[in-house]
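Right, one structure below, let's go through it.
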Amino acid sequence: MARAEYVQQSLAGLEQAPGDGVDPALPLYAATFVVVDLETTGGSPDDGGITEIGAVKVRAGEELGVLATLVNPGVPIPPFITVLTGISQAMLIPAPPIEQVLPSFLEFIADAVLVAHNAPYDVGFLKAACARHGYRWPNPRVLDTAALARRVLTRDEVPNRKLGTLAAYFRTTTRPTHRALDDAKATVDVLHGLIARLGGHRVDTVGEAIEFARAVTPTQRRKRHLADGLPKVPGVYIFRAADDRPLYVGTSGDIATRVRSYFTAAEKRARISEMLAAAERVEAVECAHTLEAEVRELRLIGAHAPPYNRRSKFPERVVWLKLTDGPYPRLSVVRALASGDEVYLGPFGSRRAAELAAAGFHDAVPLRQCTHRLSLRTVTPACALAELGRCPAPCEHRITPQEYDDRAVAPFRTAVAGDPGAVVDALLARIEALSAGQRYEEAAVVRSRLTAVLRATVRMQRLTALAGIAELAAARPAARGGWELALVRHGRLAGAGVSPPGIHPRPTLNAIRATAETVPPGPGPVPRASAEESERILSWLERPETRLVEMSSGWSSPAAGAGRFHGLLSKAQSASSQQVSTERP
């Protein structure tokens, strides 16, 4: 088999999930660095080998230890490598193989920041050697002096960022010689010279130095002070413009850490870069726990519609599918429910989604689709659907109001409030008939309508069950002890708090109840909150560790409700790109 060529990764690709040994907030003067340099046979880590390792451990400018050894790579050394480094095949024959050197080296770099010049190359060889011989790579934090020099030094100061050039610029005590230990010692002096320059860029910690070395934009570097002084607690953060207008709203379990991530190389979204350029300050809203933070984020986005928030920007823009009044009801898409509305389905995020679900019901039951207001006395000419047998023609009084209610209205009413089985069976039968006739595209259309019907009914019945509870108190163990508490009224988060560790949560819950928001009932499954807010609350309540403390009434869903079709819904959704069986299990 042909071997794929090795492509040198960026440092971000090599350093995934760094170890916990070095705190990124550790000041640079207190950090322990292991500066390493390798000599190799050339090529890639996949087919090349290490011929020499040189490493120097330093802290606060003081040398703590040195590790240096030749390594037998087990393969011949190319002549040009011997010319470049002076390392010959004869020198390596008595040297230990890499599998004998790795244990000592891995112990040497433990709990230290690994430093190298052009670090992806050296780290790549070390990781490949560990993987080849069964050693776990410890994922240390890695600082690349070549990348750091690109950020700190200008072209007027040095023409390039080669180690020899930087050694001459900083007047290192050891000159690079293409031997591992000499190059590592030279890199130590270069590192100290670069750290001295970092103070002017307000880079003082290990984490800041690593991020500074990465490819952040000038805007990120200029605006990184916006993350200063933010609390390390759950909450909401708001990027504001010079006129105090909200630009972007986000949430996190650690506000300070999340906001700092916007000024690192990991943030590459073009819209966020544009937002950072316009931002002048970051406002933090501290919350009791992550649920309160998520809810506040949704409410702030709905209230202010920040221009750089795409998702959930207009949570209040929902529509409903309801039965109209009159002797021969039909389905109508409306933007709001009135207090007298009794049979409805929703909420839908768009009119198109509501119309797709309506089409599913029209495929399953003989609800009329015309928009005329029909009378029990006056006959209206029938449309083409009546001639095709798709409508019982109530306009011409071919069906009595009671028969129409039994055949068309009752299945819809039952589906939205209880068991949608009759509608599901009808749609599945239609899909099977179309598939049997090899009309697969039409069957796929009906399948999408079935998906819309199931998604809407499952969602509404879950929301209705929660919104029907006047008050619900729940608790979840907090990460640092104590309990996260939430008070929910009619599907809306009315209060939140955290009880201290070692103290009974009842006094805290009583205080939350006394100061909680008053939430009256209203029409619809989510009368006083957005559907997204109620779904966030449901997700929090349904976690295994959450405990229900008190409820004003029972919390239940229909035993034969839409929830029993969760498996069919998942199957239909996964079939969006390919034809699969949708037979009822």
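The values are calculated or read from the model by the stated rules, or taken from the named source; none is laboratory data. Quick caveat: nothing in here was measured; it's all calculated off a predicted structure. Please note: Cβ atoms are built from the backbone with ideal geometry, for glycine as well, and neighbour counts cover all protein chains shown. For accessibility, only protein heavy atoms count, side chains too; no ligands or nucleic acids. Shrake-Rupley method; radii C 1.70, N 1.55, O 1.52, S 1.80 Å.
Annotations for the structure displayed:
- Surface composition of the stretch 182-329: carbon and sulfur make up 50 percent of the accessible area, probe 1.4 Å.
- Shown here for the stretch 509-569: chymotrypsin sites (Phe, Trp or Tyr not before Pro) in loop regions (DSSP other than H, G, I, E, B) with at most 15 other Cβ atoms within 10 Å, namely 555.
- Placing R0 at 45 angstrom, the Cβ-Cβ distance between residue 63 and residue 242 gives a FRET efficiency of 0.35 after rounding to 0.05.
- Loop-located GluC sites (Glu not before Pro) in the stretch 520-550 whose Cβ has at most 11 other Cβ within 10 Å (DSSP): 542, 545
- For the stretch 457-585, with +1 on Lys and Arg beta carbons and -1 on Asp and Glu, the positive-most of 491, 468, 558 along the dipole: 558
- When peptides 43-54, 126-137 are sorted by average Cβ neighbour count within 10 Å, with the highest value leading, the order is 43-54, 126-137.
- Surface share of carbon and sulfur [accessible, 1.4 angstrom probe, percent] for the stretch 366-466: 51
- Angle in degrees between helix 98-108 and the longest Cα principal axis of the chain, rounded to the nearest 10: 80
- For the chain, the tally of Lys pairs with Cα-Cα distances below 23 Å comes to 8, considering only residues 8 or more apart or on different chains.
- Relative contact order %, the stretch 354-468, counting alpha carbon pairs below 8 Å whose residues are six or more apart: 31
- Theoretical ellipticity at 222 nm over the chain - DSSP helices of four or more residues, -39500 (n - 2.57) apiece, nearest 500: -11500 deg cm²/dmol
- Placing R0 at 35 angstrom, the Cβ-Cβ distance between residue 335 and residue 286 gives a FRET efficiency of 0.50 after rounding to 0.05.
- Per residue accessible area of the stretch 488-562, 1.4 Å probe, in Å²: 50
- Over the chain, relative contact order from alpha-carbon pairs under 8 Å, at least 6 apart, %: 9
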